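A quick write-up on the structure given underneath.
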Amino acid sequence: TYTTVIESGRIVAPDGGDIDMSGSVFRVGDVTARPGRAEITLRTDSTITAALSLLDLPPFDLMQKAQLAPDVARGRAVLSSDIGFDLLPVVAPDDVAYQVSGALRDVFSDRLVAGRTISAAELGIRAGRDGVTIAGPGRLGQVPANVTWSQKFGPDAGGGSRVEGTVEVSQAFLDEFSIGLPPGSVTGAGVGQVTVDLQRDRAPAFTLVSDLNRVGLRLDAVGWSKPRNRTARLEVAGRLGAAPSIDRLVLDAPGLSASGVIDLRANGAMEKAQFDRVRVGRWLDGPVTLTGRGSRTPAVSMSRGRIDLRAATFGSGGGSGDGGAPIDLALDQLLVSEGITLTGFRGQVDNTGGL
């Protein structure tokens, strides 16, 4: 047996400064074997950039395969890389087996997910021939999350990577992902399953699913609310980046169901939310459009549908203190009372201080 141990030493990485190699081991388990087998345990302590730039050299080529630059994140990396190869006159990169594991500490990145920051006190990393994963608790923007970023290698991998896990569903999430509900619409905090697909030269696409447990919802414009101790189903799909969008929003809750899309302004504020069908209790059924008015309650309009005034709750949520919201109605049917129904109804309604 032949063994060499580096008691102390360093190398200079292509990027990111020095890498402490102390404790690394080179070992040949049987020097009489032909060919012999070399086993290396590479222990490194460095900046994340230095570690990733080292792992971007042959035979790893890790960052090239992941289509990312070594400076994708800031922080410290403490890694252990197990490397094995036969002692032949010529050793090709494909002849080298390797497995990398370790911890990334004080992590910060504004490049992994375009338009969003990722930060964490410590994340675990594992990499090999099949791919690389980085996982652990942290923050996606200002939203607490526990996610895994994974990138598969090989011709069938497609070149894309994915972030998936759980995130906090709260007002902070709505702000971070530009889901422009009126101020005060959400209270409390729940958990959602989130997936973000990352492809080069494309805006990141995300989906979120949550049962909204421990999340309170309130829509004053239609007088509807959900307490925190009730569950519902929320599905959101859209894109992040310089021009965020919400391509699908579905809410199925006690007393309210809605599905539609949200158009956002360049600053992420809601321009218009268009729901192809909204049902509130037994009194409202039809398409609803919410038009953003900055910090004020959005304007409400219906281009068709049905309203039953006998059970209507317009404005009963208490309002947001900004003077109410204009409501523009073009209804197929308006039930006023028992025996009185209006068809082809058109009207503009104000819910300030009542209907």
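The values are calculated or read from the model by the stated rules, or taken from the named source; none is laboratory data. Quantities reported herein were computed from a predicted structural model and do not represent experimental measurements. Every residue, glycine as well, gets a Cβ built from its backbone with ideal geometry; the counts of neighbours run over all protein chains shown. The accessibility values were calculated without ligands, DNA or RNA, using every heavy atom of the protein model including side chains. Shrake-Rupley method; radii C 1.70, N 1.55, O 1.52, S 1.80 Å.
Below is a table of values for the structure above.
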| quantity | calculated |
| --- | --- |
| Nonlocal amide H pairs with G141, under 5 Å, H built at 1.01 Å | T117, I118, S119 |
| For the range 20-33, 3J(HN,Hα) per residue [Karplus equation, 6.51 cos²θ - 1.76 cosθ + 1.60, θ = phi - 60°, Hz, x = Gly/Pro] | 6, 9, 4, x, 6, 10, 10, 9, 10, x, 9, 6, 8, 6 |
| Rule-of-thumb Rg ratio for the chain [Cα; 2.2 N^0.38 Å; N residues] | 1.37 |
| Shape metrics for the range 78-184, restricted to C-alpha atoms - Rg then Dmax, Å | 18.2, 70 |
| Electrostatic dipole magnitude of the chain [Cβ: Lys, Arg +1; Asp, Glu -1; Cα centre; debye, to 20] | 1000 debye |
| Simple Cβ-charge dipole of the range 103-232, Lys/Arg +1 and Asp/Glu -1, about Cα centre, in debye nearest 20 | 160 debye |
| Given charges at Cβ of Lys, Arg, Asp, Glu: the chain dipole, positive-most of V78, I19, F60 | V78 |
| Carbon/sulfur fraction of accessible area - the range 45-171, other protein chains in place, 1.4 Å, % | 53 percent |
| GNM flexibility winner over the chain from V336, V222, V300 (Cα, springs under 10 Å) | V336 |
| Placed amide H near R10: partners under 5 Å, 5+ positions off or other chain | M21 |
| In order through the range 119-134: 3J(HN,Hα) via Karplus (6.51 cos²θ - 1.76 cosθ + 1.60), integer Hz, x for Gly, Pro | 9, 6, 6, 7, 10, x, 10, 9, 8, x, 5, 7, x, 9, 9, 10 |
| Spatially proximal lysines relative to K152 (Cα-Cα < 26 Å; intrachain offsets below 8 disregarded) | K65 |
| About the Cα centre, charge dipole magnitude for the range 248-289 (Lys/Arg +1, Asp/Glu -1 at Cβ), debye | 40 debye |
